[in-house]
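Some notes on the structure that comes next.
The values are calculated or read from the model by the stated rules, or taken from the named source; none is laboratory data. Small disclaimer: the values here were computed from a predicted structure and weren't measured. Heads up, the Cβs are rebuilt from the backbone with ideal geometry, glycines too, and the neighbour counts pull from every protein chain shown.
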């Protein structure tokens with residue numbers, strides 16, 4: 001600053017005075033801005049960390065960054081699948097989209113072989129022993145007061161111990177999440193959305209069967225899963241993590257060109273009439289479909305073809321809904337087009353009894369009538385004798 005003032009003032013002085021004062025002006029007028037120097041690296045910290053690591057290894061402490069012992073050995077008495085509630089073991093695939101040798105658990109991480117659909121358990125599990133162990137963990141049944149306390153504590157939407165169950169249903173990794181919550185809480189709140197809500201009984205069965213817990217509360221799509229009185233948080237079952245979702249295999253075609261029991265022309269007319277009819281229900285994506293089965297059953301009492309509007313659901317979910325309705329109603333899906341589901345009630349008739357069965361029923365009814373008549377006649381005779 002002083003150098004600038006000095007330069008400005010010397011411009012108005014005579015030449016000989018300016019030459020004299022120029023000897024006192026510094027040559028380096030540029031003053032660079034302040035820049036903080038980097039922090040010095042202390043080798044003592046590095047040496048301290050290495051020394052601490054060495055002491056831990058000498059004392060036998062486990063290394064947190066070390067690799068786990070492989071393969072994982074699990075004693076769970078069921079086959080490992082991606083989804084337990086949304087897959088049917090009785091229906092086999094006709095082909096695979098990826099080679100079965102690529103296991104979603106990773107190479108050599110489990111002691112089971114991946115078949116492309118599941119990882120079967122080795123050997124036949126002892127069902128009686130498994131049931132006894134489950135009953136031992138559950139302990140004595142909860143009283144009504146205890147159930148009411150647990151429901152009031154965990155049924156609300158602001159519960160911290162909640163797991164969302166989506167279109168994948170009861171998945172393999174979900175079992176690990178349930179046990180992680182059970183380590184800190186007695187009950188897990190499960191909120192179900194999407195395709196699995198069509199059959200909540202199936203969801204409850206697989207949750208109890210695969211986790212070993214018990215459903216103590218069920219309201220529409222909200223479930224409370226209890227871990228049991230004698231649950232040991234330190235000895236949880238080993239559930240290996242599924243690293244990625246495997247590609248779905250290829251199954252037989254769901255809808256054929258000509259529906260069984262109909263001709264080609266009848267099938268074509270029925271599909272056309274179904275598309276032109278008004279939809280019975282409009283389903284939303286990840287909605288709650290608890291009452292869909294009952295609504296379709298009631299509609300089939302007066303209609304032959306029913307249409308469901310699934311414009312925001314998605315193509316894959318449409319087919320899953322059609323498969324579930326086929327088994328639950330029952331009915332026949334005849335068309336999936338433009339995210340519309342066309343269902344036909346089919347020729348499902350109750351089995352009529354044969355002639356021999358009818359004759360047996362008639363004979364049994366006649367014998368009962370004869371016995372009744374005889375008993376009434378005897379009672380009348382006794383009453384007359386007593387009067388005489």
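Return the total of residues in segment 190-217 being free of Cβ contacts under 8 Å to residues at least 12 places away in the same chain and in a strand (DSSP E or B).
1
Just the residues that are touching a residue at least 24 places away in the same chain (Cβ under 8 Å), surrounded by fewer than 20 Cβ atoms within 10 Å (Cβ to Cβ) and in a loop (DSSP other than H, G, I, E, B), please, taken from segment 301-320.
Across segment 301-320, the qualifying residues are 303, 304, 311, 312, 314.
Could you list, in sequence order, all residues of segment 114-139 that are over 24 Å from residue 252 (Cβ atoms), within 23 Å of the chain's Cα centre (by Cα) and not in a helix (DSSP H, G or I)?
121
Tell me the residue from 385, 326 that is modelled with pLDDT of 90 or more, assigned to a helix (DSSP H, G or I) and not assigned by TED's automatic domain parsing to the domain that holds residue 194, please. Steps first, please.
Details: 385 fails: modelled with pLDDT of 90 or more.
So the residue among 385, 326 that is modelled with pLDDT of 90 or more, assigned to a helix (DSSP H, G or I) and not assigned by TED's automatic domain parsing to the domain that holds residue 194 is 326.
If residue 142 passes every condition in (1) in a strand (DSSP E or B); (2) farther than 27 Å from residue 89 by Cα but one, which one does it miss?
Tallying (1) in a strand (DSSP E or B); (2) farther than 27 Å from residue 89 by Cα, residue 142 fails exactly one: (1).
Report, by residue number, each residue of segment 173-202 that is out of contact with any strand residue (DSSP E or B) (no Cβ under 6 Å at 6 or more places or on another chain) and within 19 Å of residue 78 (Cα to Cα). Before you say what the answer is, go through the steps one by one.
At the first step, the residues of segment 173-202 found to be out of contact with any strand residue (DSSP E or B) (no Cβ under 6 Å at 6 or more places or on another chain) are 173-176, 179-180, 182-186, 193-196, 198-202.
The answer is 173, 174, 175, 176, 179, 202.
Out of 238, 187, which single residue is touching a residue at least 60 places away in the same chain (Cβ under 8 Å) and either farther than 30 Å from residue 333 by Cα or surrounded by fewer than 19 Cβ atoms within 10 Å (Cβ to Cβ) (or both)?
On the way: 187 fails: touching a residue at least 60 places away in the same chain (Cβ under 8 Å).
None of the others qualify; the one that does is 238.
Do we have any residue at all in segment 195-207 that's over 16 Å from the mean Cα position of the chain (by Cα) and within 26 Å of residue 104 (Cα to Cα)?
First pass over segment 195-207, keeping only residues over 16 Å from the mean Cα position of the chain (by Cα): none.
No, because not a single residue in segment 195-207 is over 16 Å from the mean Cα position of the chain (by Cα) and within 26 Å of residue 104 (Cα to Cα).
Among the residues that make up segment 290-298, is at least one of them within 30 Å of residue 189 (Cβ to Cβ) and part of a loop (DSSP other than H, G, I, E, B)?
Of the residues in segment 290-298, the ones within 30 Å of residue 189 (Cβ to Cβ) are 290-296.
Adding the requirement that they be part of a loop (DSSP other than H, G, I, E, B) leaves 290-291.
The answer is yes; a qualifying residue exists.
Could you say whether any residue in segment 64-71 is at pLDDT 60 or above and loosely packed, with under 10 Cβ neighbours inside 10 Å? Working first, answer last.
Initial filter on segment 64-71 (at pLDDT 60 or above): 68-71.
Right, trim to loosely packed, with under 10 Cβ neighbours inside 10 Å and you get 68-69.
Checking segment 64-71: at least one residue is at pLDDT 60 or above and loosely packed, with under 10 Cβ neighbours inside 10 Å.
Out of the residues in segment 241-270 that are touching a helix residue (DSSP H, G or I) at 6+ places or on another chain (Cβ under 8 Å) and free of Cβ contacts under 8 Å to residues at least 12 places away in the same chain, state the one that is surrounded by the most Cβ atoms within 10 Å (Cβ to Cβ).
Only one residue fits best here, namely 262.
Read through the list (1) modelled with pLDDT of 90 or more; (2) closer than 25 Å to residue 173 by Cβ; (3) in contact with a strand residue (DSSP E or B) (Cβ under 8 Å, 6 or more places away or on another chain), then give the number of the only condition that residue 147 fails.
For residue 147, the exception is condition (2).
Could you please find all residues in segment 78-91 being assigned to a loop (DSSP other than H, G, I, E, B) and touching a residue at least 12 places away in the same chain (Cβ under 8 Å)? Spell out how you get there, then give the answer.
Looking only at segment 78-91, we keep the residues that are assigned to a loop (DSSP other than H, G, I, E, B), and these are 78-79, 82, 84-91.
Of everything in segment 78-91, those that are assigned to a loop (DSSP other than H, G, I, E, B) and touching a residue at least 12 places away in the same chain (Cβ under 8 Å) turn out to be 78, 79, 82, 84, 85, 86, 87, 89, 91.
Can you confirm whether segment 135-145 contains a residue that is buried (at least 16 other Cβ atoms within 10 Å of the Cβ) and closer than 29 Å to residue 328 by Cβ?
No, segment 135-145 contains no residue that is buried (at least 16 other Cβ atoms within 10 Å of the Cβ) and closer than 29 Å to residue 328 by Cβ.
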